[in-house]
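Coordinate-derived values only; no laboratory data. Bear in mind that the values here come from a model prediction, so they are computed numbers and not experimental data. All Cβ positions, glycine included, derive from the backbone under ideal geometry; neighbour counts span all protein chains shown.
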Amino acid sequence: RIVIGVLAVQGDVVEHVRMLEDVGAHAVRVRRAADLANVDALVIPGGESTVMMRLIAQGDLLEPLRERIAAGMPAYGSCAGMILLADRILDGAAGQQTLGGLDVTVRRNAFGRQVASFEADVTVDGVDGGPVRAVFIRAPWVEEVGAGVEVLSSVALPTGGEAVVAVRQGNLLATSFHPEVTNDARVHALFVRMVEHARG
Ligand code: GLN
């Protein structure tokens, strides 16, 4: 069975663990570098990206995480997790760092104060069976994507235009929204397929 770590420094860890177990993976919590040795892949939950980065640094997880991601470990980030995987952020806190790996620029808290949290049905490339109910909570969006990045999903903005809300680059997957707070495990199933494919 595939073993997927859930970064457990802050955020909605339990929800991701439940989703991963629902789609047949074995989920373990990652709190320190030693925990990383036993996982095939990593989920980075939603939460608060600045707090998560601080706890990652305090737990001596920064370099181990960067090394595993650079070495090709599959990773999936939802919301704050998307921010952590992004190479570049806009509207970050002063000096806010990321783990990086995903060649995108994300804007933090992009949907603004008035519509800080909302839900929408979005189609996600690679997810069959109709749209996914996407829950956005002070979510980022993807503002620029590098050449190797596939856009999987966009959402229409009330102000016109569209925002990119799901991307994939090789073994890295990120969504602005939180599938883990719904009862629909299809995005997690997509990630498990990516992990299986990466294992060969
Ligand atoms: N706005 C949060 C951040 O910047 C992300 C919110 C979330 O993960 N729901 O980290």
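Results, tabulated for the structure shown:
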| quantity | calculated |
| --- | --- |
| Cut-off 10 Å between beta-carbons: net charge of the residues surrounding Arg168, Lys and Arg +1, Asp and Glu -1 | -2 |
| Footprinting exposure proxy for His188, His197 (fewest neighbouring C-beta atoms within 10 Å first) | His197, His188 |
| Alpha carbon centroid spacing (whole Å) that separates region 52-119 from region 183-198 | 20 Å |
| Sequence-separation-based contact order of region 3-199, relative, with Cα cut under 8 Å and 6+ spacing, percent | 19 percent |
| Rel. contact order, % - alpha carbon contacts under 8 angstrom, at least six apart, region 53-127 | 24 percent |
| Residue-wise HN-Hα coupling along region 22-30, computed from phi with Karplus coefficients 6.51, -1.76, 1.60 (Hz; x: Gly, Pro) | 4, 9, x, 8, 9, 9, 10, 7, 10 |
| Cα-projected label distance for His26 with Glu67, points at 7 Å along beta-carbon direction, nm | 2.4 nm |
| Per-residue Cβ neighbour rank within 10 angstrom, fewest leading, Thr50, Thr98, Thr175, Thr123 | Thr123, Thr50, Thr98, Thr175 |
| Cβ charges +1 (Lys, Arg) and -1 (Asp, Glu), total dipole of region 1-116, debye | 180 debye |
| Amide H contacts of Leu152 (H built 1.01 Å from N, under 5 Å, at least 5 apart or other chain) | Ala166, Val167, Arg168 |
| Angstrom value of the Kirkwood radius, inverse mean 1/r, which spans all Cα pairs in region 105-172 | 12.6 Å |
| For region 16-129: rounded, prolate or oblate by the Cα gyration tensor [a/c cutoff 1.5] | oblate |
| Translational diffusion of region 3-199, µm² s⁻¹ [Kirkwood Rh, Cα pairs; Stokes-Einstein; 25 °C; 0.890 mPa s] | 150 µm²/s |
| Size of charge dipole - region 96-200 - debye, nearest 20, with Cβ of Lys, Arg +1 and Asp, Glu -1, no other charges | 300 debye |
| Environment charge at Leu90 (Cβ cut-off 14 Å; Lys +1, Arg +1, Asp -1, Glu -1) | -1 |
| Full-extension gain in nm, Asp91 to Val3, via 0.36 nm per residue minus C-alpha separation | 28.3 nm |
| Per-residue Cβ neighbour rank within 10 angstrom, fewest leading, Asp91, Asp35 | Asp91, Asp35 |
